[in-house]
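Quick notes on the structure that follows.
The values are calculated or read from the model by the stated rules, or taken from the named source; none is laboratory data. These numbers were taken from a predicted model, which means no experiment stands behind them. Glycine also receives a Cβ, built like all others from the backbone with ideal geometry; neighbour counts cover every protein chain displayed. Note: accessible area is taken over every heavy atom of the protein model, side chains too, but ligands, DNA and RNA are not part of it. Shrake-Rupley method; radii C 1.70, N 1.55, O 1.52, S 1.80 Å.
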Amino acid sequence: MLELTINQKKHSLDADPNMPLLYALRDIAQLTGTKFGCGLGQCGACTVHVDGTPVRSCLTPLAAVTGKAITTIEGLASGEGLHPLQQAWVDNNVPQCGYCQAGQLMSAAALLKQKPSPTDKDIDTYMQGNICRCGTYPRIKKAIKQAAVQMQEVK
Ligand code: FES
Ligand code: FES
């Protein structure tokens, strides 16, 4: 049994330590918000946080995350309300097909932790590993900026 802490809840998973975290999240823990895109670390759809750092869960074995705090899109918001980024995503109608968006949000959340007031260039650089086949990049940028302002205001 492997002990994982996912979204502040303890999970005991009967799984191979070499299994990618993404498979355990989706197929065992039934947290299907995190998506399988390329499986090769190249699209960002599977992005989750491990101890606050964004990682590609398709390339992260379970053995590397036992005892660490894993946060998925289901745990991004604290409490009942939406995270400011999620609200900004809604306000700006960011998603098209939606497939990449959980990964986009998790990367955006990590960006705002590092840079609370990111420039366009900061956003382009940080988010470049998250691919969107629907080309929602301009709306993603707008929403990140809106959330950044809002998060500064509530500080
Ligand atoms: S599915 Fe992990 S980076 Fe594409
Ligand atoms: S919204 Fe369709 S891939 Fe990004």
Exercise. Is at least one residue of segment 131-140 over 21 Å from Thr32 (Cα atoms), within 15 Å of the chain's Cα centre (by Cα) and within 16 Å of ligand 2 (Cβ to nearest atom)?
Worked result: yes
Exercise. Going by the conditions given, is Leu13 at pLDDT below 95 and in contact with a helix residue (DSSP H, G or I) (Cβ under 8 Å, 6 or more places away or on another chain)?
Worked result: yes
For this session: Among what's in segment 43-56 and is under 19 Å from Ala77 (Cβ atoms) and crowded, with 21+ Cβ neighbours inside 10 Å, pick the residue that is farthest from ligand 1 (Cβ to nearest atom).
Result: His49
Exercise. Among Ala45, Ala69, Ala63, which is more than 26 Å from Met127 (Cβ to Cβ) and at pLDDT 95 or above?
Worked result: Ala63
For this session: Could you tell me whether any residue of segment 73-81 is β-branched (Val, Ile, Thr) and more than 15 Å from ligand 1 (Cβ to nearest atom)?
Result: no
Exercise. Restricting the search to segment 99-118, which residues are small (Gly, Ala, Ser) and within 15 Å of ligand 1 (Cβ to nearest atom)?
Worked result: Ala102, Gly103, Ser107, Ala110
Exercise. Residue check: is Thr66 open to solvent by 20 Å² or more (accessible area, probe 1.4 Å) and within 17 Å of Leu111 (Cβ to Cβ)?
Worked result: no
Exercise. Are there any pairs, at least 6 apart or on different chains, whose C-beta atoms fall under 7 Å, with the first in segment 88-100 and in contact (Cβ under 8 Å) with a residue 60 or more places away in the chain and farther than 14 Å from Cys132 by Cβ and the second near ligand 2 (Cβ under 6 Å from one of its atoms) and open to solvent by 20 Å² or more (accessible area, probe 1.4 Å), and if so, which?
Worked result: none
Problem set entry | Tally of residues being over 12 Å from Ala102 (Cα atoms), open to solvent by less than 40 Å² (accessible area, probe 1.4 Å) and within 16 Å of ligand 2 (Cβ to nearest atom) across segment 27-42 | 1
Problem set entry | Number of the exception - Thr60 against (1) within 11 Å of ligand 1 (Cβ to nearest atom); (2) under 20 Å from Cys132 (Cβ atoms); (3) under 16 Å from the mean Cα position of the chain (by Cα) | (2)
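Yes/no per residue for (1) farther than 25 Å from Gln8 by Cβ; (2) open to solvent by 20 Å² or more (accessible area, probe 1.4 Å); (3) in contact with a His (Cβ under 7 Å, 6 or more places away or on another chain):
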{"position": "Gly79", "(1), (2), (3)": "no, yes, no"}
{"position": "Asp91", "(1), (2), (3)": "yes, yes, no"}
{"position": "Cys97", "(1), (2), (3)": "yes, yes, no"}
{"position": "Met127", "(1), (2), (3)": "yes, no, no"}
{"position": "Pro138", "(1), (2), (3)": "yes, yes, no"}
